[in-house]
Amino acid sequence: MLISKRVIRSLLPSILAMALSAVGLPTEPILPPKPQGEVIAKCNKILNKCWWVPKSTLKLPGKPPKPGKPDQREKISKTVCEFKGAVQACTDPVKGNWSNSQQCYMRRETPQPPFSDPRWQGHTDGSIWACTREQGYDQGRHIVTKWVWLPGTPDTVVVDPVTLAYQAVTEMELAAPLIRTAPDASQVGLVNMPVWLWVAKTENTWGPIVRSASVPGLSVTATARVKAVNWSMGDGSTVRCEGPGTPYDASMGVKGSPTCGHRYVKTSHKMPDCKYPVTAVAQWEIGWQSTLGDNGEISMTQQAATQLHIGEAVPVLVDPDGGAVTVPPKDGC
């Protein structure tokens, strides 16, 4: 007796249900947690799987379009969240939110690993994200995770508070610190004499600065300010200043800075260009709060550089008998 393909297809759900029941598995597909936004549940009883699909991917009822005219019944012809053509849930309570470009669920690592971790790839800004997906559908499912450094946020389809927090930070346009020193880069300092260090304060270079980002039903407000500035002086010394430092004024004479300073014990004549390379790294702390009660902290850095020429006092020898003035030879700088 021949059985048509249509009859076979109609019997497949019943056959699958009996097979699942025999091994003790649920016969009805389980719907994952509902993500934010306007979505509708889609289930496939043959695959025994359910997922959420944004309403914008659904075809609207109506008559077929006339030849030569676009189909107004379908806003988007392509499923929003997919892996190699297979529909994916756009969010997962453990793995995070789906990114079509990364082809995985993205979740920011908390806490972030130290900058010495190779996952940073030498970067000191941005964040490390866990990129997770299931593999081996035909050979047993297993979870595969890789770590990705991103300067900002991933292009996940579903927006969560962390993603909005990074969007708010992007709106801040945080800038490198405005370095100020005395002596400055155009002058020559002296060994064992004080060097004053400070940064000029603006909203984008010091804070506090407040920005917000939102989607329908969710808003996040972030506040950023510099916690400290770490100075690398070029001679192997580092100076950490919890504040911006004190601006120098000529009336202060040759005393050291009360808040942020350094003294060189050697000249810079052996350095390239006869100058010490000086770097200031501003350590930003950013706190955010969402309208749903979520909150968190983000750490970022911005840095700038300058150079300082450090020499030594040169004695001038004068002939007491009225001869020519003798000046010791320079060190090449």
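Quick notes
- Karplus 3J(HN,Hα) series, Hz, for the stretch 107-114 with 6.51 cos²θ - 1.76 cosθ + 1.60 (x for Gly, Pro): 9, 5, 5, 9, x, 5, x, x
- Estimated FRET transfer efficiency (Ala176, Ser219; beta-carbon r; R0 35 Å; 0.05): 0.75
- Extension gain, Lys227-Asn204: 0.36 nm per intervening residue step, less the Cα-Cα distance, totals 6.9 nm.
- The stretch 267-288 and the stretch 208-265 have Cα centres spaced 13 Å apart.
- Model label zone, Asp155; criterion: amide N under 13 Å from point 7 Å along Cα-to-beta-carbon; scope the stretch 102-138: 102-104
- Dipole magnitude of the stretch 164-311, debye to nearest 20 (Cβ charges: Lys/Arg +1, Asp/Glu -1, about Cα centre): 540
- Of the residues Ala176, Thr279, His262, the one whose Cα sits farthest towards the positive end of the charge dipole of the stretch 164-311 is His262 (charges of +1 on Lys and Arg Cβ, -1 on Asp and Glu Cβ, taken about the Cα centre).
- Counting other Cβ atoms within 10 Å as a rough exposure proxy, the listed residues Val148, Val169 run Val148, Val169 from fewest neighbours to most.
- Too-long pairs where the Cα-Cα distance tops 27 Å, listed order kept, from Lys255/Lys275; Lys227/Lys266; Lys201/Lys255: Lys227/Lys266
- Largest-first ellipsoid semi-axes for the stretch 164-311, taking √(5λ) over the Cα gyration tensor eigenvalues, angstrom: 38, 14, 11
- Segments 280-288, 293-301 sorted - mean Cβ within 10 Å per residue, highest first: 280-288, 293-301
- Residue exposure proxy: Cys333, Cys241, ordered by other Cβ atoms within 10 angstrom of their Cβ from fewest to most, comes out as Cys333, Cys241.
No lab work stands behind these numbers, since they all come straight from the coordinates. The model shown is predicted, which means the values in this text are computed figures rather than measured ones. Glycine also receives a Cβ, built like all others from the backbone with ideal geometry; neighbour counts cover every protein chain displayed.
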